[in-house]
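Engineer: Here it is: the structure, laid out below.
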Amino acid sequence: MKKHPTEEARFRGNPAAIARLRELARDLGAKELDSIPANEVFPELATNRAGVALRGMRYREDLTQAQLAERTGIPQRHISEMENGKRGIGKENARKLAPALNADYRLFL
């Protein structure tokens, strides 16, 4: 049985950044216990889920596109195109990206 997509976003990371996100949410009228659908916060998820995941994981690992390109052998231009939804990631590239980003390759498919 497939799981239904989640309609909320949870943030992990720098406590100062999390505090800023909470402040921005309050400014928009959200309450601490309110949920904001992920597609409202990140509209690009509807059309480029794999690219958003790639960008997020690269950010999480504190890597530039050039550094990721060096680790994976994938040209930096291709990484940029994948993140922006102009190029598919594909299984072969997903398998190269996964170890460099400490992730499961299936997240990119």
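The values are calculated or read from the model by the stated rules, or taken from the named source; none is laboratory data. Fair warning: this is a prediction, and the values are worked out from it, not measured in the lab. With ideal geometry, Cβ positions are generated from the backbone for all residues, glycine too; neighbour counts draw on all protein chains shown. Accessible surface is based on the protein model in full, side chains and every heavy atom, while ligands, DNA and RNA are left aside. Shrake-Rupley method; radii C 1.70, N 1.55, O 1.52, S 1.80 Å.
Engineer: Tell me the residue from ALA66, ALA53 that is modelled with pLDDT of 90 or more, loosely packed, with under 13 Cβ neighbours inside 10 Å and touching a helix residue (DSSP H, G or I) at 6+ places or on another chain (Cβ under 6 Å), please.
Structural biologist: ALA66
Engineer: Only one residue in ALA30, ALA19, ALA25 is modelled with pLDDT under 95, open to solvent by less than 60 Å² (accessible area, probe 1.4 Å) and either part of a loop (DSSP other than H, G, I, E, B) or β-branched (Val, Ile, Thr) (or both), so which one is that?
Structural biologist: ALA30
Engineer: Conditions first: (1) at pLDDT 95 or above; (2) in a helix (DSSP H, G or I). LEU107 passes all but one, so which condition is the exception?
Structural biologist: Of the numbered conditions (1) at pLDDT 95 or above; (2) in a helix (DSSP H, G or I), the odd one out for LEU107 is (1).
Engineer: If you don't mind, another one. Among the residues of the range 69-108 satisfying the criterion of being farther than 26 Å from PRO43 by Cβ and charged (D, E, K, R), which is least open to solvent (accessible area, probe 1.4 Å)?
Structural biologist: The qualifying residue least open to solvent (accessible area, probe 1.4 Å) is LYS96.
Engineer: Can I ask one more? Output the number of the condition that PHE42 fails; it satisfies all remaining conditions of (1) exposed (fewer than 13 other Cβ atoms within 10 Å of the Cβ); (2) modelled with pLDDT under 85.
Structural biologist: Evaluating PHE42 over (1) exposed (fewer than 13 other Cβ atoms within 10 Å of the Cβ); (2) modelled with pLDDT under 85 leaves (1) as the failure.
Engineer: Output the residues belonging to the range 88-108 that are basic (Lys, Arg) and more than 15 Å from the chain's Cα centre (by Cα).
Structural biologist: Within the range 88-108, LYS91, ARG95, LYS96 meet the criteria.
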